[in-house]
Structures are given as C-alpha cells and as structure tokens.
Amino acid sequence: GALLTGNPLDAKDLRWRLLAVRVNGLDYLLNAARIPDLLARKELLEDSLNRVRHLLEVTYPLGSEVYRDENGSVYVVPDVADLLERTNSANVRLWDHILAEFAQGTVKGKSKVELDGEMIPYLELEQRPWWGQDPNWPNTSNDKLPGIGDLLSRKITSPANAGQIERYWQNAEPADICTVCRLRPQGPSQKAKERNVCDVCEQRRADRSQEWATSQTDKTIWNDEVADVNGRLALIVGHFGLKRWLDGTMVQTLVVNEPQNGQAVTKNPTFARLRRIWETTHIFWNEVQTDILKDLSDDRRRLKIYLDKPPRLRPFHAYDLTVGAAELSVVWVPPEANHEGYLISIDNLSYLARQLNAEPDIYKDPAAAAIFVEDRLREKFVNPPRQQPILYNSDTQAGQKENLLHNIFIRDVDYQTNQYATAIPIFAEPRTLMALVPADKALEVVQAIKTKYEREMGKVRNRLPLHLGVVYAGRRMPLTAVIESGQHMLAFRTESQVWKVNSVAKENNTNVQDNHRRQTVELTLKRDGREVPLSIPVMMGDGQTEDVWYPYWRVEGKPTERGRW
C-alpha cells in the first residue's frame with residue numbers, strides 16, 4: 001500500500017480494507033443436470049478462484065485470502081481507495097485483470113473447456129478502512145473491525161459475459177440452446193447434438209466419466225449406484241448459522257480471562273479469531289465427508305460385461321441394458337493397451353436383484369446380489385442358447401430406442417472384487433454441506449452429524465445453530481429437482497426464543513474418551529408443552545479445569561452487570 005500511494009506510514013497509522021471476489025456459486029453448481037456436470041462445474045469454479053488468488057497473492061502481492069466458500073473469496077488488502085482502478089505496466093486495470101484470470105478457470109488445464117464467459121464475478125472493495133484493534137490499546141478502546149459479515153450476506157447475481165458468449169453463436173448453424181450451460185448452441189459435433197448439449201459441456205462431462213472409469217477408485221459419480229435396495233436416494237443438507245460469528249457479535253460472548261467478581265474481559269473479534277471460527281466449521285464438514293460418509297460402504301460390487309465383437313458405442317457413455325423386466329445401467333469403457341473393452345455396471349446391483357425377484361436374504365447382501373445378477377446375465381446372454389442383448393442409449397426418448405448391439409453378443413461377465421463408496425459428497429464449505437446418500441442410510445447420517453455437533457460444538461450450541469435436512473427421491477429423479485428442494489432448506493434461518501429452564505444437573509462422565517466432556521451440565525428446557533434435553537460440556541481439554549471462557553447463556557432476570565451466565 002505504501003508503495004502504491006507513495007505515503008510510507010507509521011505502524012499506528014496502518015489501515016486495511018476487504019476485497020470481495022464473489023459469485024452466485026451455489027446456483028451455478030446446483031443448476032447442473034447430472035453429477036458429472038456438477039463436479040466439473042465445482043472444479044471449474046475452484047480453479048477460477050485459485051487463479052485469482054495467485055494473481056493477488058503472488059503475481060502482484062496485494063492481499064491475502066482470508067475467507068472462501070462456495071460463493072467466492074474475501075481478501076485483506078492495503079488501504080488504497082482506488083485499488084481496483086490501478087493499472088499495471090500494460091495499462092490493464094486490476095479489476096479487468098481479476099475478471100480475465102477468473103474466466104480462464106478450467107478442468108485439468110484444458111483451454112477448450114474454460115469457464116470463459118459463463119459467469120462474471122462481483123468485485124467489491126470495502127468503502128471503510130479499518131485497523132482491527134485500536135493501535136492505542138489499552139489506553140483507548142476504539143476498535144474498527146472489518147465488515148466481512150456484510151460482504152458475505154450480499155445477494156449476488158453472476159450474469160454471463162454476453163460479449164464472450166456471443167462468439168459461440170456467430171457463424172454457427174441454427175441450433176437449440178445447450179441444456180446444461182443454457183448459454184451456448186448445441187453442438188456443433190454430432191455427439192453433442194444427440195445429447196442436446198454444446199461441445200464444451202459434452203467434453204467436460206466425458207472427461208469426468210473417463211476419469212471415473214479409468215481410475216476405478218472407491219468413489220462414484222452415478223446416482224444409480226448411490227440408490228438403496230428400493231432404488232431411492234437422499235440428499236443430506238447441512239448449514240451452520242455463521243453470520244453473527246463472522247460479524248464479530250458472537251465472538252464477544254467468549255471471555256479472555258477468568259471472571260473476577262462477575263466481571264470479565266470479552267474476546268475482541270480480531271480477524272485471526274474470525275478465521276479460526278470458519279476454518280473450524282469447514283474442518284467439521286470435511287470430517288463429515290471423510291469419516292461419516294466414508295463409513296457408509298456396504299460391500300457393493302460392480303460387474304464387467306465383455307462382448308464378442310467391438311461395438312460402435314461412445315467411449316465412457318451411459319447406456320441401459322435390458323435384463324428381463326429390468327434395466328441395468330452400464331458405461332462403455334473402450335479398449336486400451338492393458339485391457340479389452342467392456343461394459344461396466346453403474347447400478348446398485350441389490351436393487352436390480354430385487355427387480356429380478358431375488359430372495360430377501362440375497363438382495364439385502366450386496367456381494368450376494370452382485371453374484372445373483374452375474375448368474376442371471378450368464379444364464380440369459382452367455383450360456384447356450386444365448387439371447388440377443390438389447391442395449392439402448394439412456395438419453396434416447398421412449399419410442400425412438402434402437403438396439404445398439406445388433407448381432408453382437410455377450411461373451412463373458414466378470415465379478416469385480418473391489419467395493420465402492422455409496423455416497424457422493426457434492427460440497428463441504430464453511431457454512432454448507434450437501435451430499436447424496438442411500439435413502440435407507442439418511443437418518444443414520446443425520447444422527448451421526450448431530451452427535452458430532454453436540455460433542456464438538458456443545459459449548460456454543462446456543463449460539464451456533466446447525467440446520468440439517470433430508471430430501472428423498474427416486475434414483476431417476478432429475479438431479480436439479482432434488483437439489484432445488486435442498487436449496488429451499490438452506491433458506492431456513494434461526495430465530496431467538498426464550499425457553500424455561502425446567503431442570504439443571506451436573507453429571508460426571510468418567511468413562512468418556514473426550515476430556516472436555518468429563519463433566520457436563522444437563523439442562524431440560526421447556527416451551528409450549530415441549531421439553532428439550534441438552535448436554536453442555538463444562539471442562540477444558542485437560543479434563544480437570546473448569547471452563548469459564550466458553551459455555552455462556554443469556555438468562556432472563558439475572559443480574560444486569562453482565563449479559564450472560
């Protein structure tokens with residue numbers, strides 16, 4: 001800042017501002033029609049924000065990223081009122097430089113699938129500079145705090161760049177609009193036209209499917225594989241109410257020193273403390289993904305189906321194979337140097353086994369169900385007299401289906417031994433979690449998240465609300481409809497209420513592993529005929545020191561010299 005303004009400052013005169021690079025990322029991500037499209041958009045947005053971060057932290061070291069979520073980033077920058085209008089040696093404004101870097105976000109470094117003009121970020125430089133803690137402290141206490149809460153609460157729209165999108169329509173053949181990006185014309189390749197998408201979106205989708213098929217990790221990108229034995233899945237939605245923490249209000253409910261005569265110094269909402277708060281909730285959601293969702297694995301398997309002739313199928317494209325009265329979703333993996341081509345199942349085989357009238361003890365056992373389906377495929381298509389398999393394009397409308405395996409037969413079916421995950425994490429940001437899980441495991445996941453929240457956030461649960469919701473759907477329900485319902489749940493907000501303290505009891509928990517839960521206060525709150533039991537940890541991490549810094553509640557009718565007890 002001193003270099004840009006030519007005004008070297010004394011340490012006590014230093015000021016900062018916040019620079020927001022924000023988008024309506026939630027809508028951008030959740031308007032995707034399929035999981036591969038959603039994951040591609042997620043990678044695009046992440047790469048775009050990373051490029052802006054490199055610009056502001058490395059290329060021109062102007063700031064430091066201090067917050068990021070699904071809707072963009074916030075940076076601390078020097079107190080330069082016209083910072084976004086400053087130009088480099090090529091006479092390019094910082095504003096334009098940020099927009100250009102953002103537009104180059106891509107997947108796997110491929111320029112052909114760049115974000116380009118699909119969305120324009122909203123840039124805002126904070127109007128009021130601040131210094132955090134008063135530089136004359138403790139002689140004076142005139143703290144000036146950053147207004148990050150206001151920046152994050154803005155309702156952002158992210159319009160497309162009309163000039164950049166126009167290039168795709170110039171000299172193009174008349175075409176309908178792409179059903180994925182809803183910006184570019186469908187095509188021009190025949191493959192993209194048949195799937196009603198533009199070439200850019202088709203390549204993004206194909207890359208994601210190819211990565212899944214060739215890596216064969218324990219992850220899945222297919223709704224059909226997530227579905228339970230009844231063919232149903234669930235969207236888990238979680239949201240932390242962080243607004244009053246990020247604006248500093250709730251930080252001041254924590255104290256710095258052990259209260260003396262009922263008086264205590266409250267914590268100053270410095271930027272370091274604000275950062276630690278959202279990093280803690282971010283870690284919470286990441287651990288939900290890595291621990292709770294990963295534990296959902298139930299020994300599911302896939303099947304590989306080998307053909308006697310090379311088919312004319314699109315690489316890594318999804319198809320439906322007719323198996324009696326049911327259909328098995330498969331993906332064509334073309335031959336490579338280390339393997340011949342094959343179709344690989346992308347259904348929960350327990351669901352298919354049930355459709356094929358397997359006994360409950362078979363379809364309820366994922367490994368047994370896979371073997372059952374394998375045997376049925378062999379009986380029908382491999383053993384003499386083998387039947388002609390019927391394979392349809394899963395995107396083809398009813399009445400227009402054509403068998404893509406005419407005069408091609410199934411040579412062999414192979415049982416794949418490695419199991420795969422039964423959940424698809426969509427995103428885990430400081431405030432928000434979204435994940436797809438089997439419907440019959442949804443309440444188990446919700447209970448596990450609730451238990452983790454009570455264990456780790458129990459001391460501030462009266463100030464850090466957690467909202468959890470579940471949306472149930474069939475496996476072929478359009479993803480956009482499922483996620484739109486989840487978005488409505490994210491709109492829920494907490495209201496403060498007064499409840500009567502019906503009972504208070506201290507409990508010693510000598511058998512628990514968490515030291516800070518060795519002693520708890522068990523509250524029973526009552527309102528409108530309902531009772532809620534709450535367990536509040538009141539020990540520090542050593543399991544011996546009473547916690548007089550965190551577990552405070554607002555209580556009506558108590559002495560007025562302090563706001564919390």
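Of the residues that make up the stretch 468-484, is at least one among the polar types (S, T, N, Q) and open to solvent by 70 Å² or more (accessible area, probe 1.4 Å)? Before you say what the answer is, go through the steps one by one.
Within the stretch 468-484, the subset among the polar types (S, T, N, Q) is 480.
Filter once more, so that each one left must be open to solvent by 70 Å² or more (accessible area, probe 1.4 Å): none.
The answer is no, given that none of the residues of the stretch 468-484 is among the polar types (S, T, N, Q) and open to solvent by 70 Å² or more (accessible area, probe 1.4 Å).
Of all the helices (runs of 4 or more DSSP H) wholly in the stretch 64-176, which have at least 2 residues that are at pLDDT 95 or above and touching a Ser or Thr at 6+ places or on another chain (Cβ under 9 Å)? Before the answer, list the steps.
On the way: elements: 94-103, 148-153, 162-169.
Hits in the stretch 64-176: 94-103.
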### Query
Conditions: (1) surrounded by fewer than 16 Cβ atoms within 10 Å (Cβ to Cβ); (2) under 18 Å from the mean Cα position of the chain (by Cα). Glu495 meets all but one. Number of the miss?
(2)
### Query
Has the stretch 137-156 got at least one residue that is more than 27 Å from Ala11 (Cα to Cα), in contact with a Phe, Trp or Tyr (Cβ under 8 Å, 6 or more places away or on another chain) and basic (Lys, Arg)?
yes
### Task
Can you tell me which residue within the stretch 177-197, out of those that are under 16 Å from His317 (Cα atoms) and not small (Gly, Ala, Ser), is most open to solvent (accessible area, probe 1.4 Å)?
Gln190
### Query
Among Pro389, Pro384, which is the only one that is part of a loop (DSSP other than H, G, I, E, B) and either open to solvent by less than 40 Å² (accessible area, probe 1.4 Å) or among the β-branched types (Val, Ile, Thr) (or both)?
Pro389
### Query
Within the stretch 441-455, restricting attention to residues that are crowded, with 18+ Cβ neighbours inside 10 Å and not β-branched (Val, Ile, Thr), which residue is nearest to Val532 (Cα to Cα)?
Tyr453
### Message
List the residue pairs whose Cβ atoms are under 8 Å apart, where the first residue sits in the stretch 249-265 and is at pLDDT 80 or above and open to solvent by less than 20 Å² (accessible area, probe 1.4 Å), the second is aliphatic (A, V, I, L, M) and assigned to a loop (DSSP other than H, G, I, E, B), and the two are 6 or more positions apart or on different chains.
### Response
Met250/Leu464; Val255/Ala264; Val255/Val265; Val255/Val548
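Take the stretch 266-321 and flag every residue that is of a type in the set (Ser, Thr, Tyr) and assigned to a helix (DSSP H, G or I). Reasoning before the result, please.
Initial filter on the stretch 266-321 (of a type in the set (Ser, Thr, Tyr)): 266, 270, 280-281, 290, 297, 306, 319.
Of everything in the stretch 266-321, those that are of a type in the set (Ser, Thr, Tyr) and assigned to a helix (DSSP H, G or I) turn out to be Thr280, Thr281, Thr290.
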### Task
Return the residue satisfying two criteria in turn: it lies in the stretch 405-419 and is of a type outside the set (S, T, N, Q), more than 16 Å from Ile344 (Cβ to Cβ) and open to solvent by 40 Å² or more (accessible area, probe 1.4 Å), and of such residues it is modelled with the lowest pLDDT.
His406
### Message
It is to be established whether one or more residues within the stretch 484-492 are out of contact with any helix residue (DSSP H, G or I) (no Cβ under 6 Å at 6 or more places or on another chain), over 27 Å from Asp224 (Cβ atoms), small (Gly, Ala, Ser) and free of Cβ contacts under 8 Å to residues at least 12 places away in the same chain.
### Response
yes
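The values are calculated or read from the model by the stated rules, or taken from the named source; none is laboratory data. Please read all numbers here as calculations on a predicted model, not as lab measurements. Neighbour counts are summed over all protein chains in view; Cβ atoms, including those assigned to glycine, are modelled from backbone coordinates with ideal geometry. Each accessible area value is taken on the protein alone, full model and side chains, heavy atoms only, with ligands, DNA and RNA left out. Shrake-Rupley method; radii C 1.70, N 1.55, O 1.52, S 1.80 Å.
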